[in-house]
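Presented below is the structure to which this report refers.
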Amino acid sequence: MKKKLAIFLCTAILIFGMAGIVWATTFSGDLTHKSDGTVDGLFTADFWADDDATLTYKVTDPTASSSGNWEYYYTLSVGSQGGISHVVTEVSEIFQSSNILTGTTGGYEDDEPKRHTEDNGNPNIPGPLFGIKFPGSSSDFFEWTIVTDISPMWGNTFIKDGHDGATYAYNDMFDDFVRGDVSRPYFNPLNFNAEYGWVLVPDSQSAPVPEPATLLLLGSGLIGLAGIGRKKFFRKA
């Protein structure tokens with residue numbers, strides 16, 4: 001009876017430890033700026049500062065996506081003051097055009113990521129941004145998708161309106177990051193929490209190693225089962 005209970009407990013530990021390694025299927029969040037001046041992760045200027053604006057992201061991992069790859073889906077709503085010239089979404093600097101896969105929103109600039117600054121059509125951007133530039137929309141709503149084989153990191157997005165350089169938006173941490181006041185947070189898929197003022201963007205690294213606590217739990221289950229098996233072996237001998 002005691003041996004059966006021990007096997008049950010070790011097996012349970014093993015199962016829960018393995019479950020902790022499984023990634024969540026989606027990671028999502030939203031950044032907003034309200035017309036009353038309430039900021040929840042999104043900075044806006046001029047026309048867009050006078051209305052409600054929302055930037056959302058939803059990232060689906062390869063196990064749950066229809067394409068079998070990472071799918072990054074974004075939406076931008078700027079209320080009644082519409083007209084979006086373009087959006088630049090960050091990717092890590094070793095990201096290449098070969099990492100942009102079928103299903104990505106078409107029309108992106110130069111068919112590859114590049115460094116974007118004020119000098120190449122991004123007035124008031126907080127600093128250089130290596131990313132993919134998507135043409136916007138004449139309406140107050142825009143959506144775009146990046147399909148890639150690359151896993152996520154916390155990053156930045158810059159949006160320019162279609163009227164003048166004075167109306168623009170970006171995630172609230174972008175400016176602080178450029179100035180060096182904040183560091184890029186670590187993306188942890190095993191304990192996901194939306195980070196204030198950041199959006200999820202494609203990185204260049206493989207899946208993160210499971211948390212030490214998860215590995216400890218998994219190891220405890222394996223060691224326990226191994227111990228039970230060892231005792232049984234020596235009794236037979």
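The values are calculated or read from the model by the stated rules, or taken from the named source; none is laboratory data. Please read these numbers as outputs of a predicted model, since none were measured by experiment. Positions of Cβ are generated from backbone atoms using ideal geometry, with glycine treated the same way; all protein chains shown enter the neighbour counts.
None of 63, 89, 102 is under 24 Å from residue 31 (Cα atoms), under 20 Å from the mean Cα position of the chain (by Cα) and among the β-branched types (Val, Ile, Thr) except 89.
Criterion first (crowded, with 23+ Cβ neighbours inside 10 Å, out of contact with any His (no Cβ under 6 Å at 6 or more places or on another chain), polar (S, T, N, Q) and closer than 27 Å to residue 52 by Cα) does residue 193 satisfy it? Against the criterion (crowded, with 23+ Cβ neighbours inside 10 Å, out of contact with any His (no Cβ under 6 Å at 6 or more places or on another chain), polar (S, T, N, Q) and closer than 27 Å to residue 52 by Cα), residue 193 does not qualify. Within the stretch 191-212, identify whether any single residue is modelled with pLDDT under 75, in a helix (DSSP H, G or I) and in contact with a helix residue (DSSP H, G or I) (Cβ under 6 Å, 6 or more places away or on another chain), and answer yes or no. Taking every residue of the stretch 191-212 in turn, none turns out to be modelled with pLDDT under 75, in a helix (DSSP H, G or I) and in contact with a helix residue (DSSP H, G or I) (Cβ under 6 Å, 6 or more places away or on another chain). Within the option set 150, 146, being β-branched (Val, Ile, Thr), touching a Pro at 6+ places or on another chain (Cβ under 7 Å), assigned to a strand (DSSP E or B) and farther than 21 Å from residue 196 by Cα holds for one residue only, 146.
Looking at 132, 159, just one residue is crowded, with 22+ Cβ neighbours inside 10 Å and touching a helix residue (DSSP H, G or I) at 6+ places or on another chain (Cβ under 8 Å), and that residue is 132. Taking first residues from the stretch 145-172 that are under 14 Å from residue 203 (Cα atoms) and partners that are assigned to a loop (DSSP other than H, G, I, E, B) and among the hydroxyl-bearing types (Ser, Thr, Tyr), the Cβ contacts under 7 Å between residues at least 6 apart in sequence or on separate chains come to 146/104; 147/67; 147/102; 147/104; 150/204; 151/206; 153/92.
Of all the residues that make up the stretch 90-121, how many are β-branched (Val, Ile, Thr), free of Cβ contacts under 8 Å to residues at least 24 places away in the same chain and closer than 19 Å to residue 142 by Cα? Residues meeting the conditions: 0.
Considering the conditions (1) in a helix (DSSP H, G or I); (2) over 17 Å from residue 58 (Cα atoms); (3) modelled with pLDDT under 95, residue 123 is excluded by exactly one of them, (1). Condition check: touching an Asp or Glu at 6+ places or on another chain (Cβ under 6 Å), in contact (Cβ under 8 Å) with a residue 24 or more places away in the chain and in a strand (DSSP E or B). Does residue 41 satisfy that? When the stated conditions are applied, residue 41 passes them. Scanning the stretch 125-151 for residues that are aliphatic (A, V, I, L, M) and within 17 Å of the chain's Cα centre (by Cα) gives 129, 132, 146, 147, 150.
Is it true that residue 112 is closer than 15 Å to residue 90 by Cα and either surrounded by fewer than 17 Cβ atoms within 10 Å (Cβ to Cβ) or modelled with pLDDT of 90 or more (or both)? Criteria met by residue 112. Considering only residues in the stretch 25-41 that are within 17 Å of the chain's Cα centre (by Cα) and over 13 Å from residue 195 (Cβ atoms), the one that is surrounded by the fewest Cβ atoms within 10 Å (Cβ to Cβ) turns out to be 25.
Would you confirm whether or not the stretch 180-188 contains a residue that is in a loop (DSSP other than H, G, I, E, B), at positive phi and either touching a strand residue (DSSP E or B) at 6+ places or on another chain (Cβ under 8 Å) or surrounded by fewer than 16 Cβ atoms within 10 Å (Cβ to Cβ) (or both)? Yes, there is a match, as at least one residue in the stretch 180-188 is in a loop (DSSP other than H, G, I, E, B), at positive phi and either touching a strand residue (DSSP E or B) at 6+ places or on another chain (Cβ under 8 Å) or surrounded by fewer than 16 Cβ atoms within 10 Å (Cβ to Cβ) (or both).
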